[in-house]
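Colleague: I'd like to ask you about the structure that follows.
The values are calculated or read from the model by the stated rules, or taken from the named source; none is laboratory data. In this text, all values refer to a predicted model and were calculated from it rather than measured experimentally. As a convention, Cβ positions derive from the backbone with ideal geometry for all residues, glycine included, and neighbour counts pool all protein chains shown.
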Amino acid sequence: MDSALNNSVQYLMWGEINEEKFFEELNKCRRCKFCVDECPVYLESQRIETMSPFGRVQILKYLLKGWIELDDVVITSIYTCLRCNRCIEVCKDKGVDLKPAALIRLGKAFLTKNLLGG
Ligand code: SF4
Ligand code: SF4
């Protein structure tokens, strides 16, 4: 496990996925977008917001609440994260410490387990 993960995310990773707790973590995002320019996928995508750490966090949040449907945009957004963890560092540097890459990894597990029948 990534040593940068905090206790709450470790709980989410290792325990049963708790949607309420997962949403609480995602909802800590301040929407500052300092992370987006650190993401190589976002930059390669010509700056499509759903391909950024910020966009992925928002998509997972909306998906959990049922505000959006699972579609190709969601799948592409979540499953193209390279797990490089660059977003973790900048989010921490800016004082939020959301650990977006860890939440996106959890989001992949959530999608696979609960939505894709994996
Ligand atoms: S840097 Fe952190 S708080 Fe800011 S938009 Fe990115 S994930 Fe959200
Ligand atoms: S871990 Fe994923 S979301 Fe974060 S910067 Fe790397 S590719 Fe982008």
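Colleague: Of all residues in the stretch 1-40, count the ones that are part of a loop (DSSP other than H, G, I, E, B) and either modelled with pLDDT of 90 or more or within 16 Å of Cys81 (Cβ to Cβ) (or both).
Modeller: The first filter runs over the stretch 1-40 and keeps only residues part of a loop (DSSP other than H, G, I, E, B), leaving 1-6, 15-18, 27-35, 39.
When the remaining residues are screened for being either modelled with pLDDT of 90 or more or within 16 Å of Cys81 (Cβ to Cβ) (or both), the result is 2, 4-5, 27-35, 39.
Residues in the stretch 1-40 being part of a loop (DSSP other than H, G, I, E, B) and either modelled with pLDDT of 90 or more or within 16 Å of Cys81 (Cβ to Cβ) (or both): 13 in total.
One line per residue, one yes/no per condition, for (1) surrounded by 13 or more Cβ atoms within 10 Å (Cβ to Cβ); (2) within 21 Å of Cys32 (Cα to Cα); (3) in contact with a strand residue (DSSP E or B) (Cβ under 9 Å, 6 or more places away or on another chain):
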| site | (1), (2), (3) |
| --- | --- |
| Leu63 | yes, yes, no |
| Trp67 | no, no, no |
| Thr76 | yes, no, no |
| Lys99 | yes, yes, no |
| Leu111 | yes, no, no |
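Colleague: If I filter the stretch 32-52 down to residues being charged (D, E, K, R) and without any contact (Cβ under 8 Å) to a residue 24 or more places away in the chain, which single residue comes out as nearest to ligand 1 (Cβ to nearest atom)?
Modeller: Only one residue fits best here, namely Lys33.
Colleague: Which one is nearest to ligand 1 (Cβ to nearest atom), of the residues in the stretch 82-94 that are in a helix (DSSP H, G or I) and touching a helix residue (DSSP H, G or I) at 6+ places or on another chain (Cβ under 8 Å)?
Modeller: Let us first name the residues in the stretch 82-94 that are in a helix (DSSP H, G or I), namely 86-93.
Still in the list and also touching a helix residue (DSSP H, G or I) at 6+ places or on another chain (Cβ under 8 Å): 86-91.
Details: Arg86: 11, Cys87: 6, Ile88: 9, Glu89: 10, Val90: 6, Cys91: 3 Å.
Applying the filter and picking the extreme gives Cys91.
Colleague: Output yes when any residue across the stretch 80-87 is more than 7 Å from ligand 2 (Cβ to nearest atom) and in contact with a Pro (Cβ under 9 Å, 6 or more places away or on another chain), and no when none is.
Modeller: Checked the stretch 80-87: no residue is more than 7 Å from ligand 2 (Cβ to nearest atom) and in contact with a Pro (Cβ under 9 Å, 6 or more places away or on another chain).
Colleague: What do you reckon, is Arg56 at pLDDT 90 or above and in a loop (DSSP other than H, G, I, E, B)?
Modeller: On the way: at pLDDT 90 or above: yes; in a loop (DSSP other than H, G, I, E, B): no.
Spelling it out, it is not the case that Arg56 is at pLDDT 90 or above and in a loop (DSSP other than H, G, I, E, B).
Colleague: Of all residues in the stretch 43-54, count the ones that are more than 6 Å from ligand 2 (Cβ to nearest atom) and within 15 Å of Val90 (Cα to Cα).
Modeller: So the first thing to find is which residues in the stretch 43-54 are more than 6 Å from ligand 2 (Cβ to nearest atom), and the list is 43-52, 54.
Among the residues that remain, those that are also within 15 Å of Val90 (Cα to Cα) are: 52, 54.
Residues meeting the conditions: 2.
Colleague: Let me ask you something else. Here is a list: Leu64, Leu43. Which entry is at pLDDT below 95 and assigned to a helix (DSSP H, G or I)? Give the steps one after another, and end with the answer.
Modeller: Details: Leu43 fails: at pLDDT below 95.
Every option except Leu64 fails the conditions.
Colleague: Ok, one more. Failed condition for Tyr79, given (1) free of Cβ contacts under 8 Å to residues at least 60 places away in the same chain; (2) within 15 Å of ligand 1 (Cβ to nearest atom), with all others met?
Modeller: (2)
Colleague: Let me ask something else about it. Any chance the stretch 95-108 includes a residue that's part of a loop (DSSP other than H, G, I, E, B) and either farther than 22 Å from Lys21 by Cα or among the small types (Gly, Ala, Ser) (or both)? Show your work before the answer.
Modeller: As a first pass, look at the stretch 95-108 and keep what is part of a loop (DSSP other than H, G, I, E, B): 95-99.
Checking which are either farther than 22 Å from Lys21 by Cα or among the small types (Gly, Ala, Ser) (or both) leaves us with 95.
So far as the stretch 95-108 goes, yes, one or more of its residues are part of a loop (DSSP other than H, G, I, E, B) and either farther than 22 Å from Lys21 by Cα or among the small types (Gly, Ala, Ser) (or both).
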